[in-house]
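Undergrad: Quick one: the structure is below, and I'll ask about it shortly.
The values are calculated or read from the model by the stated rules, or taken from the named source; none is laboratory data. Please read all numbers here as calculations on a predicted model, not as lab measurements. Here the Cβ positions follow ideal geometry from the backbone for every residue, glycine too, while neighbour counts run over all protein chains shown.
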Amino acid sequence: MVSQSIKQAFASVVGNDNVMDAEADKHSYSYDAAVLDPVLPSLVVRPTTMEAVGKVVKLCNDNGLPITVRGAGTNLSGGTIPSKGGIVLLTNALDQIIEINEEDMYAVVQTGVITAKFANAVAAKGLFYPPDPGSQAASTLGGNVAENAGGLRGLKYGVTKDYVMGVNFFDVDGNYCKSGSKTVKCVTGLNIPQLMVGSEGTLAVMSEFILKLVPPPQASKAMMAIFPDIMTASRSVSAIIANKVVPCTLEFMDNFTIGAVEGFAKVGLPTDAGSLLLIEVDGHPGQVAEEAEKVEKICQENGCTRLQVAKDAVERNKVWEARRAALSSLARLRPTTVLEDATVPRSKIPAMMEALDKIAKEYKLTIGTFGHAGDGNLHPTILCDRRDTEEFHRVEKGVDAIFAAALELGGTLSGEHGIGLAKSKYMELETNKASVLFSKRLKKALDPNNILNPGKILGD
Amino acid sequence: MADLNQMLKMLGELDDQLVNCMRCGMCQSVCPLFAETGRESDVARGKIALLEFLSHEMLKDAKAVKDRLDKCLLCGSCAAACPSGVKVVDIFLKARAIITAYIGLSPVKKAIFRGMLTKPALFNNLLALGTKFQGFFTSPVNDIIGSSCSKLLSPLLGDRHLLSLADKPLRSIGNLNTAPGKSGLKVAFFYGCVVDKMFTGVGEAILKVFKHHGVGVYMPIDQVCCGVPSLASGDMKSFEDLVRMNLKLFGKGDFDYIITPCGTCTSAFHHVWPLMGTGLSQAERDQIEMLAGKAMDINAFIVDILGVSVVEPAAGAKKVTIHDPCHLKKSLGVSGQVRTVLKANPNLNVVEMSGSDVCCGCGGSFNLQHYSVSTKIGKKKRDSIAATGADIVAAGCPACMMQIADMMSQAGDRVAIKHPVELYAQTLG
């Protein structure tokens with residue numbers, strides 16, 4: 001609970017309409033897209049100016065109130081659940097694209113800008129912002145930076161961190177800080193922009209970004225390759241890259257997911273196929289034609305039973321329909337969808353798939369797996385009903401086992417969803433005690449009262 | 001009812017539907033209301049979470065949940081875009097009825113639904129009185145749109161630019177029951193409240209279409225509201241009363257189709273009637289199922305059944321743009337036929353606006369309760385229409401036509417607002 005006078009103080013900064021403390025409103029900000037228990041904040045505050053953000057942060061620090069910054073709340077690791085109560089700071093009113101610079105190829109944006117809207121605005125100027133997380137239609141750039149969001153184009157174009165040139169933010173005392181630059185080269189001071197990327201709101205409250213833009217590829221070609229099993233698909237992935245072809249997208253789907261997609265979306269997939277790859281190469285037209293031919297040949301040499309190359313935009317769209325329908329098709333099978341993002345070196349995909357198979361059997365779980373084969377970022381998706389406590393207990397055990405398996409294969413806890421609340425307990429498993437301590441010291445120095453998204457990444 | 005346990009039990013029955021929401025938040029990207037307010041409780045995910053918390057007694061304030069639940073256009077954009085296939089509008093209609101039964105209907109709504117809508121004779125007399133006196137209270141503002149505003153009534157109506165009530169309602173034609181002509185088809189014509197009382201030209205155009213194509217018409221003038229407004233306000237009793245009154249007239253089903261000029265009315269027959277109304281008898285349910293199979297939007301009827309097709313536009317054709325009403329496109333999937341209907345008129349050139357299927361912000365009684373945000377949403381629609389430079393905007397829903405007229409008139413645009421069937425009827429001799 002916060003006192004009436006503190007509530008008043010927030011209201012005087014952001015206006016009465018932008019402070020919410022009714023029971024129903026607090027419940028509306030108690031959850032995000034992660035399958036975790038909701039926790040109520042004491043107050044929800046929605047600043048509409050940058051100046052107000054700084055004042056809100058200072059008020060929180062002065063009163064020892066935990067602060068959870070929330071954009072669209074599409075977070076899949078619980079990073080925007082106000083697990084220690086306190087204030088939820090909404091950023092979606094800070095939604096201005098300040099500049100798209102075509103000459104120097106960068107953009108300056110506020111934290112609450114919606115990713116897809118930004119990408120469209122950039123495309124309208126003939127430029128390209130490649131990071132495309134699955135949630136991009138709703139998610140904000142602030143959230144993307146805070147979680148270091150990925151997407152389908154990670155293999156060739158990298159992820160959010162590869163496009164962050166500068167971050168402006170408020171420190172825990174509410175002071176406005178700047179980092180990075182609009183120049184391609186900048187070695188001024190500590191590399192603070194990259195420290196902020198993936199910090200999940202634990203070090204500062206980010207307000208604006210300078211983002212790198214690139215020229216769009218002139219041409220692209222998409223294809224769908226169907227394989228009898230995971231082994232042949234994985235061998236093709238390795239062979240494509242070993243042959244010095246880096247597709248912009250290289251997506252994978254297992255037999256279960258193929259069946260689900262076909263059952264729901266009816267896009268003409270063979271349900272008896274062991275796995276399939278959706279591949280797109282892009283770049284200069286000449287290079288695209290050459291690479292597409294190479295990819296086709298490699299897939300066929302490695303056991304592909306059917307390959308369909310899109311001849312035009314309509315066919316290209318058809319190829320991608322299957323991928324777009326993957327999550328929807330799985331999500332409709334059971335009430336609860338636990339979407340994970342265990343990531344392994346791409347050569348270890350067959351081993352990881354084998355491990356997932358074992359885990360599904362051991363814990364009696366239904367797991368459909370799809371994801372970004374090119375970068376090893378898999379999305380094992382557990383289908384369950386969270387109301388069934390016995391089943392959900394098995395799900396939790398299964399998730400533990402999934403991450404243990406990924407780490408054992410030299411992988412990582414998160415390819416693109418972040419650590420948040422969901423995976424903080426595994427942090428030491430991937431790194432070590434000293435590494436976690438190092439991060440904790442850093443956090444303590446920047447946030448002595450531990451109010452910035454406490455409990456996230458590093459646990460309690 | 002007013003029994004907490006009863007409400008919890010009924011909400012609990014919705015649990016299987018609520019739990020399908022995976023909280024992904026994708027509904028935010030398509031919700032016209034959320035685009036304006038940015039509030040989680042304004043978007044489907046937030047409302048579904050609140051219903052779940054209420055049904056599990058984690059949240060006590062049912063009135064607060066109802067207030068947030070009521071603030072929704074019921075446009076169905078979220079349901080159409082939901083990866084998990086959550087039936088959002090169905091959930092909201094049911095939940096509104098459940099919570100309203102617990103809290104009680106507001107006195108104003110009680111007066112409107114139980115005092116007027118379900119008493120058609122009184123309703124019609126009151127509106128006839130309104131027609132007689134409207135000229136004294138309003139002054140015309142836009143001759144192309146045909147809108148007026150009223151300083152005298154502004155405490156009641158705000159700054160709305162209104163369309164006049166028709167001098168004579170459509171029902172003044174009297175009951176129709178004609179035999180099938182050359183088409184061999186006979187249809188029931190359910191004209192709906194707004195066409196009866198305001199856009200009588202739409203009704204007349206439809207009758208002209210039927211006549212031209214040799215379609216027999218059954219049009220009883222005792223027909224009443226389809227019940228969606230009552231249901232949207234959670235008033236299950238009025239809804240069931242209205243359904244029964246209509247079933248008395250249409251329940252025999254001695255026609256091939258039941259045609260409406262309104263996406264909402266068609267989706268009421270098609271989808272809402274079969275879904276709702278637990279107090280109805282099996283015989284009545286059977287009649288509802290029969291009507292659901294026969295209900296069809298006029299645009300779909302003209303194209304899919306009468307086989308009207310596209311013609312080449314003539315020189316000097318007028319530019320027409322199309323607004324896709326939510327219930328027409330998102331719940332009935334009728335949008336291509338609307339374009340064909342317009343392209344069947346050689347004097348029209350169709351130009352698409354950006355976001356033709358984005359909600360206009362009317363949402364029925366949403367416009368009455370939340371006029372300010374309804375206007376903000378509507379202004380965006382107005383801007384999309386104006387950007388096409390069209391002379392005419394066509395919308396296959398009388399409620400959208402009212403909202404668009406208000407928005408265009410306030411902006412001073414000289415763009416006519418027509419139902420597609422009116423424009424098609426112009427081509428018939």
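Undergrad: Can you tell me how many residues within region A:137-162 are within 14 Å of chain B (Cβ to nearest Cβ) and surrounded by fewer than 24 Cβ atoms within 10 Å (Cβ to Cβ)?
TA: Result for region A:137-162: 1.
Undergrad: Working carefully through the options B:Tyr218, B:Tyr191, find the one that is more than 26 Å from B:Gly130 (Cβ to Cβ), at pLDDT 95 or above and in contact with a strand residue (DSSP E or B) (Cβ under 9 Å, 6 or more places away or on another chain).
TA: Unique residue meeting the criteria: B:Tyr218.
Undergrad: Residues of region B:240-267 being in a loop (DSSP other than H, G, I, E, B) and in contact with a Phe, Trp or Tyr (Cβ under 6 Å, 6 or more places away or on another chain), which ones?
TA: Across region B:240-267, the qualifying residue is only B:Phe255.
Undergrad: From the list A:Lys348, A:Lys364, pick out the single residue that is of a type in the set (Lys, Arg) and modelled with pLDDT of 95 or more.
TA: Residue meeting the stated conditions: A:Lys364.
Undergrad: Which one of these does A:Ile87 not meet: (1) closer than 23 Å to A:Ser424 by Cβ; (2) within 14 Å of another protein chain (Cβ to nearest Cβ); (3) surrounded by 19 or more Cβ atoms within 10 Å (Cβ to Cβ)?
TA: Answer for A:Ile87: the failing condition is (2).
Undergrad: When you check A:Ala124 against the structure, is it within 14 Å of chain B (Cβ to nearest Cβ) and in contact with a helix residue (DSSP H, G or I) (Cβ under 6 Å, 6 or more places away or on another chain), yes or no?
TA: No, not satisfied.
Undergrad: Just checking, does region A:61-71 include any residue being within 14 Å of chain B (Cβ to nearest Cβ) and surrounded by fewer than 18 Cβ atoms within 10 Å (Cβ to Cβ)?
TA: Within region A:61-71, none of the residues are within 14 Å of chain B (Cβ to nearest Cβ) and surrounded by fewer than 18 Cβ atoms within 10 Å (Cβ to Cβ).
Undergrad: Of the conditions (1) hydroxyl-bearing (Ser, Thr, Tyr); (2) crowded, with 19+ Cβ neighbours inside 10 Å; (3) over 30 Å from B:Ala80 (Cβ atoms); (4) touching a Gly at 6+ places or on another chain (Cβ under 9 Å), A:Ser275 clears all except one; give me its number.
TA: Here A:Ser275 clears every test but (4).
Undergrad: Inside region B:369-421, can you point out the residues that are β-branched (Val, Ile, Thr) and part of a strand (DSSP E or B)?
TA: Answer for region B:369-421, where residues must be β-branched (Val, Ile, Thr) and part of a strand (DSSP E or B): B:Ile392, B:Val393, B:Ile417.
Undergrad: What strands (runs of 3 or more DSSP E) completely inside region A:175-255 contain at least 1 residues that are polar (S, T, N, Q) and buried (at least 20 other Cβ atoms within 10 Å of the Cβ)?
TA: Result: A:176-180, A:205-212, A:249-254.
Undergrad: Applying the selection to region B:43-55, what residues are under 23 Å from B:Asn367 (Cβ atoms) and either more than 10 Å from chain A (Cβ to nearest Cβ) or surrounded by fewer than 24 Cβ atoms within 10 Å (Cβ to Cβ) (or both)?
TA: B:Ala44
Undergrad: Okay, moving on. Regarding A:Ala325, is this residue within 14 Å of another protein chain (Cβ to nearest Cβ), in contact with a helix residue (DSSP H, G or I) (Cβ under 6 Å, 6 or more places away or on another chain) and either buried (at least 17 other Cβ atoms within 10 Å of the Cβ) or of a type in the set (A, V, I, L, M, F, W, C) (or both)?
TA: yes
Undergrad: Any idea which of (1) out of contact with any Leu (no Cβ under 7 Å at 6 or more places or on another chain); (2) more than 14 Å from chain B (Cβ to nearest Cβ); (3) in contact (Cβ under 8 Å) with a residue 40 or more places away in the chain; (4) at negative phi is the one A:Ile97 doesn't satisfy?
TA: (3)
Undergrad: In addition: Looking at the structure I just gave you, is B:Asn20 over 12 Å from A:Ala138 (Cβ atoms), surrounded by fewer than 24 Cβ atoms within 10 Å (Cβ to Cβ) and either at the interface with another protein chain (Cβ under 7 Å from one of its Cβ atoms) or of a type in the set (Phe, Trp, Tyr) (or both)?
TA: Here the answer is yes, as B:Asn20 does meet what is asked.
Undergrad: With the structure loaded, tell me whether B:Arg382 is over 23 Å from B:Lys208 (Cα atoms), at pLDDT below 95 and basic (Lys, Arg) or whether it fails that test.
TA: no
Undergrad: What number goes with the only condition from (1) without any contact (Cβ under 8 Å) to a residue 12 or more places away in the chain; (2) in a loop (DSSP other than H, G, I, E, B) that A:Asp32 does not pass?
TA: (1)
Undergrad: Okay, moving on. Restricting to region B:268-288, count the residues that are at pLDDT below 95, of a type outside the set (A, V, I, L, M) and either under 16 Å from B:Tyr191 (Cβ atoms) or part of a loop (DSSP other than H, G, I, E, B) (or both).
TA: 4
Undergrad: I'd like to know if region A:304-314 contains one or more residues that are in a helix (DSSP H, G or I), more than 30 Å from A:Ala422 (Cα to Cα) and either more than 14 Å from every other protein chain (Cβ to nearest Cβ) or not acidic (Asp, Glu) (or both).
TA: Yes, region A:304-314 contains at least one residue that is in a helix (DSSP H, G or I), more than 30 Å from A:Ala422 (Cα to Cα) and either more than 14 Å from every other protein chain (Cβ to nearest Cβ) or not acidic (Asp, Glu) (or both).
Undergrad: Taking the options A:Thr336, A:Thr381, A:Thr366, A:Thr271, name whichever one is more than 14 Å from chain B (Cβ to nearest Cβ), among the hydroxyl-bearing types (Ser, Thr, Tyr) and in contact (Cβ under 8 Å) with a residue 40 or more places away in the chain.
TA: One residue alone meets the criteria, A:Thr366.
Undergrad: Does region B:56-102 hold any residues that are within 11 Å of another protein chain (Cβ to nearest Cβ), within 22 Å of B:Gly38 (Cα to Cα), in contact (Cβ under 8 Å) with a residue 24 or more places away in the chain and in a helix (DSSP H, G or I), and which are they?
TA: Selection gives B:Lys63, B:Val65, B:Lys66, B:Arg68, B:Leu69, B:Ala81.
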